[in-house]
Amino acid sequence: MAKVYKKPPEEVLRQELTPRQYEVTQRAGTEPPFRNEYWDNKHPGIYVDIVTGEPLFSSLDKYDSGTGWPSFTRPLEDENITIHEDRSFFMVRQEVRSKHGGSHLGHLFDDGPAPTGLRYCMNSAALRFIPLEKLEEEGYGEYLPLFQSQAPEQDEW
């Protein structure tokens, strides 16, 4: 049975999200570089939408881009990501949003490392990290096999 990810009503979002999380996810804000929760997180696990819980990124695809925001080479689940043209701030960029919640997550750039050459530059405020040891408990056990052969190398980042 497929999981259903649904955006909560506005009044629930305002109660459950911090002001920064709300500004980032609902108003396409950006948090400061190097002063956010996950930019330097090196623990194995997955990142989900703070609003809906839909799985978005894996620590296996996370790398230090030097930008001060969590950066990934690819999404964990392509179908949970949407890309939109963003023409704000006199630039043309690719905005990344969660599919089911419509949460603004960050932007996509083509200056990332192999194998994709992509950099999904995300806001920590849009994400919730679920550590490897809690995946099963939190209902994301299907992602455990991804880490079985890779987990020991995580500390080498």
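No lab work stands behind these numbers, since they all come straight from the coordinates. All values reported here derive from a predicted model rather than from experimental measurement. Positions of Cβ are generated from backbone atoms using ideal geometry, with glycine treated the same way; all protein chains shown enter the neighbour counts.
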Which shape class, rounded, prolate or oblate, goes with segment 10-133 when its Cα gyration tensor gives a ≥ b ≥ c as root eigenvalues, a/c under 1.5 marks rounded, and past that a/b bigger than b/c marks prolate?
rounded
Loop trypsin sites (Lys or Arg not before Pro), segment 46-102 (other Cβ atoms within 10 Å of the site Cβ: 10 or fewer; DSSP)
ARG87
Which whole-angstrom value gives the distance between the alpha carbon centres of segment 19-74 and segment 85-135?
7
Taking θ = phi - 60°, what integer Hz values does the Karplus form 6.51 cos²θ - 1.76 cosθ + 1.60 yield along segment 44-54, in sequence order, with x for Gly and Pro?
x, x, 10, 10, 10, 4, 4, 8, 10, x, 5
Segment 1-84: GluC sites (Glu not before Pro) in DSSP loop, at most 16 other beta carbons within 10 Å:
GLU37, GLU77
Output the pairs from LYS6/LYS62; LYS7/LYS62; LYS7/LYS42; LYS6/LYS134; LYS7/LYS99 with a Cα-Cα distance over 19 Å in this structure; if there are none, say none.
LYS6/LYS62; LYS7/LYS62; LYS7/LYS42; LYS6/LYS134
Rank these for me by crowding, THR52, THR18, THR30, THR116, going from fewest to most other beta carbons within 10 Å.
THR18, THR116, THR30, THR52
